[in-house]
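Take a look at the structure below.
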Amino acid sequence: MPIIIKNNSHHDIYNIVTTKLLKKEIISLPTETVYGLAGIGTSLSAAKKIYKIKKRPLSKKLIFHCSNLEMVKRFFILEDENLLLAKKFWPGPLTLILKRKSKQIPLDLTKDGSCAVRIPKNSFTLKVISLLNKPIVMPSANRFKKLSPINAKMVFDQFLDTNLIIIDDKKCQVGLESTLVKFSQNRLTIIRPGKINILDIKKVLPFIKIINNKNKSFSGTSNKHYSPNKKLYLNQKLIKKDSAYLSFGKDRKNQFKNLSKNKNLFEAAKNLYHYIFLADKNEKYKSISIGPIPKKGIGIAINDRLKKAST
């Protein structure tokens with residue numbers, strides 16, 4: 001059974017986490033987006049443990065997490081447009097595809113010599129990475145294609161058959177996985193939408209050309225993903241019988257939860273996975289229904305996740 005340890009920022013907790021990671025074991029750590037499954041980024045064997053526990057195919061590459069720009073530059077090539085975005089949005093929910101620079105990064109963890117890289121905005125995890133003085137690989141702490149966790153309890157429930165240690169740092173502040181982008185010849189591909197959207201990126205790089213994503217090698221690119229066990233219905237204006245209804249905006253009679261009464265898309269994103277998780281666990285309902293959510297700003301990412309979850 002997993003073990004949840006609350007973050008008290010005491011020396012002992014950092015010692016527990018770093019010791020395990022240096023022994024090439026895996027541990028669940030918090031970020032501002034979702035909780036992750038962390039392993040030392042210079043070890044292929046540690047990465048394989050992540051793939052095994054997640055039941056994730058090796059073809060889906062992991063995201064490397066660093067503690068600062070200096071660490072990124074030590075292990076990866078960070079320059080030009082990528083550097084401009086990194087300076088603007090890191091630490092934060094943006095992941096860049098960067099070429100491997102250091103041979104300490106296992107080639108098998110790259111896609112044609114490139115890796116997905118970011119600096120998370122969580123003080124606990126940043127300190128862990130800083131103490132290690134090397135990147136960690138950390139996909140979301142879920143079974144492959146299942147719902148991403150935004151609190152420790154959600155991680156716990158997915159790994160009941162393991163002795164995984166989970167660091168509890170309360171609810172994630174963003175609640176959706178990071179925006180994942182790739183630059184090539186003055187063109188930008190948004191591989192996975194997130195909180196940081198096209199308009200945010202255009203403010204930094206106004207002349208960049210956006211192209212459609214055809215890359216299926218990185219996180220969150222499967223057609224089916226983020227799925228609860230129950231059937232999920234989208235854009236529902238009427239409440240189905242025996243279906244847990246998640247509203248957006250005005251409260252509805254017999255709703256299960258409201259993602260945001262004030263139609264705040266950031267609040268809806270933060271609540272989305274947790275409310276789906278609660279509905280999935282509630283034996284009163286046979287399915288889950290979600291009201292219409294605008295496809296603008298982070299709403300684009302919300303709808304992307306819901307479409308994949310309902311496939």
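The values are calculated or read from the model by the stated rules, or taken from the named source; none is laboratory data. The structure displayed is predicted, hence computed values, not measured ones. Counting neighbours? That spans all protein chains shown, and the Cβs are built from the backbone with ideal geometry, glycine included.
A few notes on this one:
- Exclusive hit being hydrophobic (A, V, I, L, M, F, W, C), out of contact with any strand residue (DSSP E or B) (no Cβ under 6 Å at 6 or more places or on another chain) and in a loop (DSSP other than H, G, I, E, B), set ILE293, ILE300: ILE293
- Residue tally, condition of a type in the set (Val, Ile, Thr), in a loop (DSSP other than H, G, I, E, B) and more than 24 Å from ILE16 (Cα to Cα), over region 110-122: 1
- Each residue in region 135-163 was checked for being over 22 Å from LYS308 (Cα atoms) and buried (at least 22 other Cβ atoms within 10 Å of the Cβ), and 4 pass.
- Residues of region 1-60 satisfying the condition of being among the aromatic types (Phe, Trp, Tyr) and buried (at least 24 other Cβ atoms within 10 Å of the Cβ): TYR35
- Entirely in region 123-198, the strands (runs of 3 or more DSSP E) that have 3 or more residues that are hydrophobic (A, V, I, L, M, F, W, C) and over 17 Å from GLY92 (Cβ atoms): 165-168
- Qualifying residue in region 13-26 (condition: under 18 Å from the mean Cα position of the chain (by Cα), closer than 18 Å to VAL117 by Cα and modelled with pLDDT of 95 or more): no
- Some residue of region 31-52 being in the same structural domain as ASN122 (by TED's automatic domain parsing), on the phi > 0 side of the Ramachandran plot and of a type in the set (Gly, Ala, Ser): no
- Against the test of being within 24 Å of GLU25 (Cα to Cα), modelled with pLDDT of 90 or more and in contact with a strand residue (DSSP E or B) (Cβ under 7 Å, 6 or more places away or on another chain), the options LEU164, LEU160, LEU232 yield a single qualifying residue, LEU164.
- Filtering region 283-305 to residues that are surrounded by fewer than 20 Cβ atoms within 10 Å (Cβ to Cβ), in contact with a Lys or Arg (Cβ under 9 Å, 6 or more places away or on another chain) and over 14 Å from LEU232 (Cα atoms) leaves PRO294, GLY297.
- ILE129 vs. criteria buried (at least 24 other Cβ atoms within 10 Å of the Cβ), touching a Gly at 6+ places or on another chain (Cβ under 6 Å) and over 16 Å from ILE302 (Cα atoms): no
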